[in-house]
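The values are calculated or read from the model by the stated rules, or taken from the named source; none is laboratory data. Predicted model only: the values in this text are computed from it and were never measured. In this analysis, Cβ positions are derived from the backbone assuming ideal geometry, glycine residues included, and neighbour counts consider all displayed protein chains.
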Amino acid sequence: MKKLILGLTMAWMMAALNAAELAWTTDLPAAKQKAAQEKKLVLINFTGSDWCPWCFKLRDEIFKTPEFAEFSAKNLVLVEIDFPRKKQQPDDLKKANRALQQVYAIRGYPTVIVLDSQGKKAGQLGYMRGGPKPFIAELEKLRK
């Protein structure tokens with residue numbers, strides 16, 4: 001019984017580590033190319049990573065879960081477009097982020113834009129209560 005509990009604990013810890021290590025990029029053109037090749041959605045997370053309370057909730061309650069990590073690995077290319085207040089960013093990244101903010105008419109954070117594998121906007125989401133399941137369900141609808 002102890003071995004079973006230890007095994008389950010290790011599996012849970014590995015899933016939690018994997019969830020924390022999602023492969024986010026800041027390069028939208030490369031993400032679109034990868035999504036086209038792999039027939040995946042592009043999830044663009046517009047965030048204020050170091051100041052936005054709802055962004056923290058989205059990250060902690062959805063993005064950092066094993067369920068989202070598993071779904072993401074199979075179905076998504078992840079892009080983070082960040083507007084931090086304290087964290088330093090290169091000027092070219094700030095400029096690119098502001099341009100994308102205008103392209104997608106982002107008015108608040110967090111805003112999640114979902115593109116299909118061809119790079120066309122498929123939908124828009126934000127923080128959702130209830131953990132990863134409702135969020136993943138909405139992404140599933142957009143995949144179809």
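Structure above, values below:
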{"read-out": "Any chance Gln124 is of a type outside the set (D, E, K, R), modelled with pLDDT of 95 or more and exposed (fewer than 14 other Cβ atoms within 10 Å of the Cβ)", "value": "no"}
{"read-out": "Criterion: hydroxyl-bearing (Ser, Thr, Tyr) and at pLDDT below 95 - qualifying residue of Thr9, Thr26, Thr47", "value": "Thr9"}
{"read-out": "Some residue of region 43-50 being under 17 Å from Thr26 (Cβ atoms), crowded, with 18+ Cβ neighbours inside 10 Å and touching a Ser or Thr at 6+ places or on another chain (Cβ under 7 Å)", "value": "yes"}
{"read-out": "Members of region 70-79 that are crowded, with 16+ Cβ neighbours inside 10 Å and either part of a helix (DSSP H, G or I) or over 16 Å from the mean Cα position of the chain (by Cα) (or both)", "value": "Phe71, Ser72, Asn75"}
{"read-out": "Those residues of region 51-69 which are outside any helix (DSSP H, G or I) and either loosely packed, with under 14 Cβ neighbours inside 10 Å or not polar (S, T, N, Q) (or both), in sequence order", "value": "Trp51, Cys52, Lys64"}
{"read-out": "Subset of region 127-142 that is touching a residue at least 60 places away in the same chain (Cβ under 8 Å) and assigned to a helix (DSSP H, G or I) - its residue that is surrounded by the fewest Cβ atoms within 10 Å (Cβ to Cβ)", "value": "Lys133"}
{"read-out": "Arg98 vs. criteria among the basic types (Lys, Arg), part of a helix (DSSP H, G or I) and crowded, with 17+ Cβ neighbours inside 10 Å", "value": "no"}
{"read-out": "Residue tally, condition surrounded by fewer than 11 Cβ atoms within 10 Å (Cβ to Cβ) and either aliphatic (A, V, I, L, M) or farther than 20 Å from Ile62 by Cβ (or both), over region 104-117", "value": "2"}
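Rundown of residues vs (1) touching a strand residue (DSSP E or B) at 6+ places or on another chain (Cβ under 6 Å); (2) part of a helix (DSSP H, G or I); (3) free of Cβ contacts under 8 Å to residues at least 24 places away in the same chain; (4) of a type in the set (Val, Ile, Thr), yes/no style:
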{"position": "Ile81", "(1), (2), (3), (4)": "yes, no, no, yes"}
{"position": "Lys86", "(1), (2), (3), (4)": "no, no, no, no"}
{"position": "Gln102", "(1), (2), (3), (4)": "no, yes, yes, no"}
{"position": "Gly108", "(1), (2), (3), (4)": "no, no, yes, no"}
{"position": "Val112", "(1), (2), (3), (4)": "yes, no, no, yes"}
{"position": "Gln118", "(1), (2), (3), (4)": "no, no, no, no"}
{"position": "Ala122", "(1), (2), (3), (4)": "yes, no, no, no"}
